[in-house]
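Structure first, then comments.
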Amino acid sequence: MSKKYGTFLGDFLALVGEATGFFEWPMEYSESWRRKQLYQPRQKYYNAVSQAKRQGLIKEIRKQGKIFLTLTAKGELQSLVSKMDVDIQGKWDGKWRMVIFDIPEDARDKRDQLRWLLKKRGFIKLQASVFVNPYPLNREALKYLKQSGLMSYIRIAKIEEFDEDTDLRKKFKLPT
């Protein structure tokens, strides 16, 4: 899965996702505040809304003569992806996090999506379906894996030690 969504659109989706499900559009008095949160000019902001609509990430809902924006299911997943990260909490605890998966051939797109996600979050491929990182995935990553249906194919393990991890320590710039 290639990177489909730019940083700004990802930030915008995260912002929409943090709203209580809906926010009024066009935004009246809160609009300038939201634009400042994204540090972007007005036109880029409106272009992101237009792009998100075209890609099926957000939809308009009309209530009592007003227009509101809300995330679609696809948009919710992308919002979670934009908030995901590996939890790097200071000093390394000496344990490795290993993600092992076995996704059937008929779900190749999900397998590619998972590989993309793991690489994006700094995991290193040990074997075809085994990735490792010294730090755990955050809550949003785990929530995304559950909502996308990928978790049923995955096992996540916390490993105390490898027989030989010097090469991994060098790749992650950890003490040897």
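The values are calculated or read from the model by the stated rules, or taken from the named source; none is laboratory data. The structure presented is a predicted model; accordingly, all values stated were derived computationally and were not measured. Here Cβ is always computed from backbone atoms with ideal geometry, including for glycine, and neighbour counts include all displayed protein chains.
Just a few scattered comments:
- For the range 91-104, the criterion of being among the basic types (Lys, Arg), in a loop (DSSP other than H, G, I, E, B) and under 30 Å from GLN51 (Cα atoms) is met by no residue.
- Single residue of the range 155-173 satisfying the filter (touching a residue at least 60 places away in the same chain (Cβ under 8 Å) and not in a loop (DSSP other than H, G, I, E, B)) that is farthest from PRO104 (Cα to Cα): LEU168
One line per residue, one yes/no per condition, for (1) polar (S, T, N, Q); (2) assigned by TED's automatic domain parsing to the domain that holds LYS74; (3) over 20 Å from ASP167 (Cβ atoms); (4) in contact with a helix residue (DSSP H, G or I) (Cβ under 9 Å, 6 or more places away or on another chain):
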position	(1), (2), (3), (4)
TRP96	no, no, no, yes
ARG115	no, no, yes, no
LYS119	no, no, no, no
ASN133	yes, no, no, yes
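- Any hit, the range 145-154, residues being over 14 Å from GLN113 (Cα atoms) and in contact (Cβ under 8 Å) with a residue 24 or more places away in the chain: no
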